[in-house]
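Single-structure report; data block below.
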Amino acid sequence: MYEVEHILSVENHIGESPQWNVEEQAFYWIDLWPGIIYRYKPDSALYQIFNLGIPIGAISFRASGGLVLATKDGFAFWDSTTAQLEFISNPESDREFRFNDGKVDRQGRFWAGTMIEGSTKPVGSLYRLDPDLSIHTMDTGMILTNGIGWSPDNRTMYYNDTLKQCMYAYDFNASSGAITNRRIFSQYPPDTNPDGLTVDSEGYIWCALCKAYKVVRYDPTGAIDREVQLPGIFTLSCIFGGKNLDELYVTTGWLENKEKQQVFAGDLFRIKTDVRGLPEPAFTG
């Protein structure tokens with residue numbers, strides 16, 4: 001039985017896209033709608049807030065410094081020194097879409113998916129931003145992109161479509177970045193809402209189940225290995241951090257009427273585990 005530790009009161013509306021910076025020993029995440037980036041250093045228990053003023057769906061580290069972002073207005077860079085935002089391109093500028101979750105693969109490419117807010121139509125797409133800043137459409141027919149991750153051997157990519165209540169697996173070609181053979185890895189009960197995920201060093205997948213208020217670890221066959229219950233709050237995403245990468249950081253939200261939620265809704269949690277995660281790669285463009 002793991003102990004769930006409440007470590008920071010931030011009351012995020014939608015706390016998402018957690019990232020652990022090994023060099024800084026710092027934890028980054030966002031509050032999606034107000035467009036806030038947080039940076040927290042556990043050793044000092046201090047955190048910083050950077051308000052970008054635009055909805056952000058995902059962040060990842062950039063090898064040259066700062067962050068790469070998927071926002072309501074497309075892909076962008078953020079300079080952590082000047083706090084300046086530089087837009088790259090928006091592949092769906094002609095439609096009322098926004099980006100949601102995203103991750104960088106181990107070859108330095110940034111993946112992120114689009115959605116229509118409040119829609120249940122499968123009209124979103126999954127995009128790949130390459131280091132040369134070219135954008136590639138990798139798949140279509142998504143409702144709500146969430147939780148992208150890769151197996152340790154780089155042969156499988158995992159991906160959640162939250163409103164389809166489904167985690168998919170693809171065959172992944174690391175050198176070309178191609179994905180093929182999409183199949184269902186895990187089908188969830190109605191209204192469970194699988195959200196963010198991360199893959200540990202043993203190849204097991206940890207997935208935040210938003211409306212089930214827990215994090216579930218799956219083995220590479222899709223069987224449930226263990227579950228960690230959180231205190232009745234919307235559980236939105238997770239990532240491994242800490243000096244040994246054995247602490248699972250969990251972001252949460254309140255999503256609906258906050259007055260009806262628990263006192264810890266939207267706060268940051270940490271779970272000490274007996275397994276290790278993998279370092280998060282950086283975008284090389």
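Apart from one condition, Trp78 fits all of (1) closer than 28 Å to Thr235 by Cβ; (2) at pLDDT below 95; the exception is (2). Condition check for Gln187 on (1) modelled with pLDDT under 95; (2) surrounded by fewer than 18 Cβ atoms within 10 Å (Cβ to Cβ): one failure, at (1).
Restricted to the stretch 1-49, the set of strands (runs of 3 or more DSSP E) holding at least 3 residues that are under 19 Å from the mean Cα position of the chain (by Cα) comprises 15-21, 26-31, 36-41. Taking each residue of the stretch 74-95 that is closer than 17 Å to Phe283 by Cα and looking for partners that are basic (Lys, Arg) and modelled with pLDDT of 95 or more with beta-carbon atoms closer than 8 Å, six or more apart or interchain, yields Phe77/Arg62. Would you mind stating whether Ser125 is at pLDDT 95 or above, farther than 21 Å from Phe240 by Cβ, surrounded by 13 or more Cβ atoms within 10 Å (Cβ to Cβ) and among the polar types (S, T, N, Q)? Answer is yes for this residue. Look at Asn181 and say whether it is among the polar types (S, T, N, Q), surrounded by fewer than 20 Cβ atoms within 10 Å (Cβ to Cβ) and at positive phi. The answer is yes for Asn181.
Name the residue that is surrounded by the fewest Cβ atoms within 10 Å (Cβ to Cβ), counting only residues in the stretch 268-279 that are in a loop (DSSP other than H, G, I, E, B) and over 16 Å from the mean Cα position of the chain (by Cα).
Looking at the filtered set, the residue picked out is Asp274.
Does Tyr168 satisfy the criteria of being over 25 Å from Arg270 (Cβ atoms) and surrounded by fewer than 23 Cβ atoms within 10 Å (Cβ to Cβ)? In short, yes. I'd like to check something: does the stretch 243-264 contain any residue that is modelled with pLDDT under 95, out of contact with any strand residue (DSSP E or B) (no Cβ under 9 Å at 6 or more places or on another chain) and of a type in the set (Asp, Glu)? Among the residues of the stretch 243-264, at least one is modelled with pLDDT under 95, out of contact with any strand residue (DSSP E or B) (no Cβ under 9 Å at 6 or more places or on another chain) and of a type in the set (Asp, Glu), which makes the answer yes.
Pairs linking a residue in the stretch 39-53 that is of a type outside the set (Gly, Ala, Ser) to a residue that is in a loop (DSSP other than H, G, I, E, B), with Cβ atoms under 7 Å and 6 or more positions apart or on different chains, are Lys41/Gln25; Asp43/Gln25; Phe50/Ala83; Asn51/Pro34; Asn51/Gly35; Leu52/Gly35. When each of Asn154, Asn160 is tested for being under 19 Å from the mean Cα position of the chain (by Cα), crowded, with 23+ Cβ neighbours inside 10 Å and not basic (Lys, Arg), the lone residue that passes is Asn160. Asp101 meets all of the listed conditions (1) among the acidic types (Asp, Glu); (2) crowded, with 23+ Cβ neighbours inside 10 Å; (3) without any contact (Cβ under 8 Å) to a residue 24 or more places away in the chain but one, namely (3). When Thr145 is tested against (1) modelled with pLDDT of 95 or more; (2) surrounded by 17 or more Cβ atoms within 10 Å (Cβ to Cβ), exactly one condition is not met: (1). Scan the stretch 230-246 and report the pairs whose first residue is in contact (Cβ under 8 Å) with a residue 24 or more places away in the chain and under 16 Å from Thr198 (Cα atoms) and whose second residue is among the acidic types (Asp, Glu) and surrounded by fewer than 24 Cβ atoms within 10 Å (Cβ to Cβ), with Cβ atoms within less than 8 Å and a gap of 6+ or a chain change. These pairs meet every condition: Ile239/Glu280; Phe240/Asp200; Phe240/Asp246; Phe240/Glu247; Gly241/Glu247; Asp246/Asp274.
The values are calculated or read from the model by the stated rules, or taken from the named source; none is laboratory data. Please read these numbers as outputs of a predicted model, since none were measured by experiment. Glycine also receives a Cβ, built like all others from the backbone with ideal geometry; neighbour counts cover every protein chain displayed.
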